[in-house]
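In what follows, a single structure is set out as structure tokens and then discussed.
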Amino acid sequence: MIREVLKMGDPFLLQQARPVERFDTPELQALLADMRDTMAHLNGAGLAAPQIGVGLQVVIFGVARNPRYPDVEEVPDTVLINPQLSPLSDELEEDWEGCLSVPGLRGMVPRYVRLRYQGYDEKGQRIDRSVDGFHARVVQHECDHLAGILYPMRIRDFSKFGFIQALFPGEEVLDE
Ligand code: NI
């Protein structure tokens with residue numbers, strides 16, 4: 001079922017999410033089905049459970065290769081539960097981000113270039129990956145939602161924050 005996505009300003013988005021304690025349950029599968037439906041409906045690259053009003057440490061993300069956007073790197077479809085992130089170097093990189101909770105806007109956000117993420121999938125199987133670039137950026141963005149952090153809170157240069165249509169006139173910009 002497609003769920004309403006909470007918008008920036010809703011205090012629920014500022015809360016800490018709780019860890020999932022039981023895996024492979026009907027409740028968890030139902031939550032993930034709703035998250036997938038909602039993300040697909042809005043053409044998102046990722047979604048965190050708190051964005052649909054569920055305060056659990058669950059995120060999904062994934063970006064398919066799209067010939068219309070050849071510069072966008074592919075990210076495998078992933079369910080990540082109770083994540084832990086560890087940067088693999090101090091190196092940061094700035095790039096544009098959007099968020100389904102901040103519709104119509106983009107901002108330039110610094111993120112770690114390389115990181116390791118660990119957690120569980122919906123069956124409770126361990127996930128342990130070391131990634132970089134756009135994949136690493138998406139993971140950091142989604143996991144920030146679990147700590148009550150929205151990307152505008154990480155922007156350093158507010159001259160690079162604004163409405164998509166004003167920032168990129170005439171360009172087709174990937175949703176989310
Ligand atoms: Ni977001």
Of the candidates L80, L146, L42, which one comes out as most mobile in a Gaussian network treatment of the chain with C-alpha springs shorter than 10 Å? L42
Once you place label points 7 Å from the Cα toward the Cβ at D77 and S159, how far apart are they in nm? 4.3 nm
The percentage of the accessible area of segment 11-167 (probe 1.4 Å, all protein chains present) made up of carbon and sulfur atoms, to the nearest whole number, is 49 percent
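Need one word for segment 25-176: rounded, prolate or oblate. Basis is the Cα gyration tensor (sqrt eigenvalues a ≥ b ≥ c); a/c below 1.5 gives rounded, then a/b vs b/c decides. Intermediate results must be reported in sequence, preceding the final value.
Working: a/c = 1.63, a/b = 1.33, b/c = 1.22.
Judged from the Cα gyration tensor, segment 25-176 comes out prolate (a/c at least 1.5, a/b above b/c).
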Most mobile of R111, R18, R68 in a GNM of the chain (Cα contacts under 10 Å): R68
Helix 133-146: angle to the longest alpha-carbon principal axis of the chain, degrees 0 to 90, nearest 10? 60 degrees
Calc'd 3J(HN,Hα), segment 24-29, phi into Karplus 6.51 cos²θ - 1.76 cosθ + 1.60 (θ = phi - 60°), Hz, glycine/Pro = x, comes to 6, 9, x, 5, 5, 4
Roughly how many whole Å is it from the C-alpha centroid of segment 1-64 to that of segment 118-175? 14 Å
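With a sphere of radius 15 Å drawn around the Cβ of G53, what net charge do the other residues whose Cβ falls strictly inside it have (Lys, Arg +1; Asp, Glu -1)? Display every interim value, and only then the final one.
Details: positive: R3, K7, R18; negative: E4, D10, E27, D34, D37.
Every neighbour counted, the sum reads -2.
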Is there a quick way to get the dipole size of segment 1-113? I mean about its Cα centre, with the Cβ of Lys and Arg at +1 and of Asp and Glu at -1; what is the value in debye to the nearest 20? 360 debye
Comparing H135, H145, H41, which has the greatest mean-square fluctuation in the GNM of the chain with Cα pairs linked when under 10 Å apart? H41
Can you work out the base-10 log of I(q)/I(0) for segment 1-46 at q = 0.20, 0.23, 0.27, 0.32 1/Å, using the Debye formula on its C-alpha atoms alone? -0.85, -1.01, -1.08, -1.06
Rounded to whole Hz and in sequence order, give me ³J(HN,Hα) for segment 99-114 from the Karplus expression 6.51 cos²θ - 1.76 cosθ + 1.60, θ = phi - 60°, writing x for Gly and Pro. 7, 5, 8, 10, x, x, 10, 9, x, 8, 10, x, 9, 4, 6, 10
3J(HN,Hα) from dihedral phi, segment 30-43, Karplus parametrisation 6.51/-1.76/1.60, rounded to Hz, x for glycine, proline: 5, 4, 5, 4, 5, 5, 5, 4, 5, 5, 5, 4, 9, 6
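The values are calculated or read from the model by the stated rules, or taken from the named source; none is laboratory data. Bear in mind the structure is a predicted one, so any value in this text is a computation, not a measurement. When we count neighbours, we look across all protein chains shown, and the Cβ atoms used for this are built from the backbone with ideal geometry, even at glycine. For the accessible areas, the whole protein counts, side chains as well, though only heavy atoms, and no ligand, DNA or RNA atoms are used. Shrake-Rupley method; radii C 1.70, N 1.55, O 1.52, S 1.80 Å.
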